[in-house]
Amino acid sequence: MEDSIRFQVAVRSIVGAREEQQDAVYVHADGSKVLAVVCDGMGGLRSGRLAGLTAVAKMKELYFAWDRKVSAPNMFLRAVDILDESVYGLKDEEGVRLAAGATIVAAVIEGGDLFWLSVGDSRLYLLRQTEIVKVTREHNYFLRLNRLLEEGGITPAEYEREAGRGEALISYIGVGGVEIMDINSVPFRLAVGDTVLLASDGLYKTLTDDEIKRHLGADAGESAAALIKAVSARRNAGQDNTTCVVIKCRENDTEESR
């Protein structure tokens, strides 16, 4: 697999209707190895941007220092605590801690094996042939409410009363002790033709999963551009920052581009 598959990667972002770009993104593609990270900063102007940039920079640092004797899931597990501490400890010029945070969705591909990390509500999708699957959860209040409703801990009426706060995050980088995260312990084996998509919530809160799938073509660059163009075309008054990373699995003899 390591010799038969290569990756075409594309990154696109827009500010949308926000005052500044608080999404941060990093991609490193080297033959059969890929690191992709998308962070969505939280905490108001400057704080959110700083949180996202800090989380991405720290994840990049940990990736390049990664001893492969440690499994990818364990590397991610250790990274969560380090990233969380780095963002939680951010301070302003007067030494006051910033109320900053960031989501993170990260993918590591090694020789065709895909591992992912998610904290918050940025997403990772997998497209194989005609089926698109969201493999990460949104770590928000709905996650807790849905569990309580299923277990009989709240009534449907109580659920409806609380649903207005459902999208509030209950887990993110910078919370000061991350307890909820998604890390796959068993690698997902990629095949030629597969697509991996990482995205901040500005994408999926604007486009449905079916719409996202329709814009994922054979070329990574064209796919990423089409997704962002579709988001921009909605002209939503409150359009959030939107970032996507598209990773296409190609035959080894296909020219790699970004």
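The figures follow:
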{"read-out": "Complete set of residues in region 185-203 that are within 25 Å of ARG144 (Cα to Cα) and either in contact with a strand residue (DSSP E or B) (Cβ under 6 Å, 6 or more places away or on another chain) or acidic (Asp, Glu) (or both)", "value": "LEU198, ALA199, SER200, ASP201, GLY202, LEU203"}
{"read-out": "Residues within region 145-203 that are within 24 Å of CYS244 (Cα to Cα), in contact with a Leu (Cβ under 6 Å, 6 or more places away or on another chain) and hydroxyl-bearing (Ser, Thr, Tyr), tallied", "value": "1"}
{"read-out": "Scan of region 52-61 for residues that are surrounded by fewer than 18 Cβ atoms within 10 Å (Cβ to Cβ) and closer than 12 Å to VAL108 by Cα, ordered by number", "value": "LYS60"}
{"read-out": "Extreme residue, surrounded by the most Cβ atoms within 10 Å (Cβ to Cβ), among residues of region 131-168 that are closer than 20 Å to THR208 by Cα and either free of Cβ contacts under 8 Å to residues at least 12 places away in the same chain or over 22 Å from the mean Cα position of the chain (by Cα) (or both)", "value": "VAL133"}
{"read-out": "Single residue of ARG18, ARG12 found to be touching a Cys at 6+ places or on another chain (Cβ under 8 Å), more than 19 Å from GLU251 (Cα to Cα) and not in a helix (DSSP H, G or I)", "value": "ARG12"}
{"read-out": "Residue match in region 234-256 (condition: modelled with pLDDT under 95, of a type in the set (Val, Ile, Thr) and surrounded by fewer than 22 Cβ atoms within 10 Å (Cβ to Cβ))", "value": "yes"}
{"read-out": "Some residue of region 209-226 being in contact (Cβ under 8 Å) with a residue 40 or more places away in the chain, on the phi > 0 side of the Ramachandran plot and touching an Asp or Glu at 6+ places or on another chain (Cβ under 9 Å)", "value": "no"}
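The values are calculated or read from the model by the stated rules, or taken from the named source; none is laboratory data. Computed from a predicted structure; not experimentally measured. Cβ coordinates were reconstructed from backbone atoms using ideal geometry, including for glycine residues, and neighbour counts include every protein chain displayed.
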